[in-house]
Amino acid sequence: MELAGSTYNPGSIFDLFRANEAIQKTKREQICDMVAAENTDHALAADSTPETEVRRVLLSLAVERKIVIHEELVFDKLKLSRERHLFDLVADAVFHFLRTGRIDVETNLVATFRGDKRVLRDIQSLAENGYGEDERGRNLPMPPGLEYLKHSM
């Protein structure tokens with residue numbers, strides 16, 4: 001599997017972890033660029049709370065379809081200090097929500113596979129059908145022709 005200029009062996013769990021980390025790194029870099037573009041390089045307004053401002057930026061990114069919000073954004077585990085710049089507060093919140101699966105970042109990464117054409121067709125079918133999960137991580141029925149995978153796991 002080739003992804004973002006690197007080659008991975010999908011038969012190796014360690015390579016799959018490495019590929020996943022490359023994807024997550026790309027998402028973190030993209031979200032930092034997006035947050036910077038949202039004019040967040042300033043201190044908080046005196047009449048606003050850190051949570052309100054961070055939520056406003058995240059909702060703006062969701063409306064622009066740059067991020068997907070999967071679950072309610074709960075801020076109780078974040079330490080949002082008024083003394084920090086909004087960029088830092090939003091970046092911390094994004095990394096926390098990415099890590100906990102509450103949000104995801106839209107990315108245009110493409111993986112290219114080489115190998116047995118039958119296996120590649122199955123991988124393509126899985127990819128086109130969310131790898132057996134919907135956008136919230138719930139199981140979906142296997143695509144036609146791939147039901148055998150359900151029994152082999």
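Only the coordinates and a few stated rules stand behind these numbers; no lab work does. Here the structure is a predicted model, which is why all the values come from computation and not from measurement. Using ideal geometry, Cβ is built from the backbone for each residue, glycine included, and neighbour counts are taken over all protein chains shown.
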Under a GNM of the chain (C-alpha, springs under 10 Å), which listed residue has the highest mean-square fluctuation: I103, I23, I67?
-> I23
Taking the Cβ-Cβ separation of R114 and I23 as r and a Förster radius of 25 Å, what is the calculated FRET efficiency to the nearest 0.05?
-> 0.85
For the chain, the percent of all C-alpha pairs falling in each 10 Å bin, from 0 up to the bin holding the max distance, is 9, 32, 30, 18, 9, 2, 0
Pairwise Lys count, the chain - Cα closer than 26 Å, eight or more residues apart or different chains | 9
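By the gyration tensor of its Cα atoms, with a ≥ b ≥ c the square roots of the eigenvalues, what is the shape of the stretch 96-151: rounded for a/c under 1.5, prolate for a/b over b/c, or oblate?
Values: a/c = 3.07, a/b = 1.48, b/c = 2.08.
Here the stretch 96-151 falls in the oblate category.
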Mind jotting down the distance between the C-alpha centroids of the stretch 74-153 and the stretch 25-67, whole Å?
-> 21 Å
Counting other Cβ atoms within 10 Å, keep those with at most 10, restrict to DSSP loop, and tell me which trypsin sites (Lys or Arg not before Pro) in the stretch 20-125 are left.
-> R65, K77, K79, R114
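Just subtract the alpha-carbon distance of A4 and D122 from 0.36 nm times their residue separation and send over the number in nm, one decimal.
Result for the pair: 40.3 nm of gain on full extension.
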So N139 and A46, fully extended at 0.36 nm per residue minus their Cα-Cα distance, gain in nm 29.0 nm
Nearest-0.05 FRET efficiency for A36 and T100 at R0 = 30 Å, using Cβ-Cβ distance, is 0.85
What nm value, rounded to one decimal, do you get for the distance between R56 and D15 when each label is placed 7 Å out toward the C-beta?
-> 4.8 nm
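Filter the chain for me: DSSP H helices, axial length by Cα at least 15 angstrom, mean Kyte-Doolittle hydropathy not below 0.0. List them by residue number. Mind showing how you got there, number by number?
On the way: long enough: 13-37 (36 Å, -0.13); 50-63 (20 Å, 0.48); 86-99 (20 Å, 1.22); 117-128 (16 Å, -0.51).
In the chain, the long hydrophobic H runs are 50-63, 86-99.
Most exposed first by the Cβ proxy, i.e. fewest other Cβ within 10 Å, how do T112, T100 rank?
Values: T112 9, T100 12.
The order, fewest Cβ neighbours first, is T112, T100.
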Helical contribution to [θ] at 222 nm, DSSP H n ≥ 4, -39,500 (n - 2.57), averaged over the chain, rounded to 500 | -15000 deg cm²/dmol
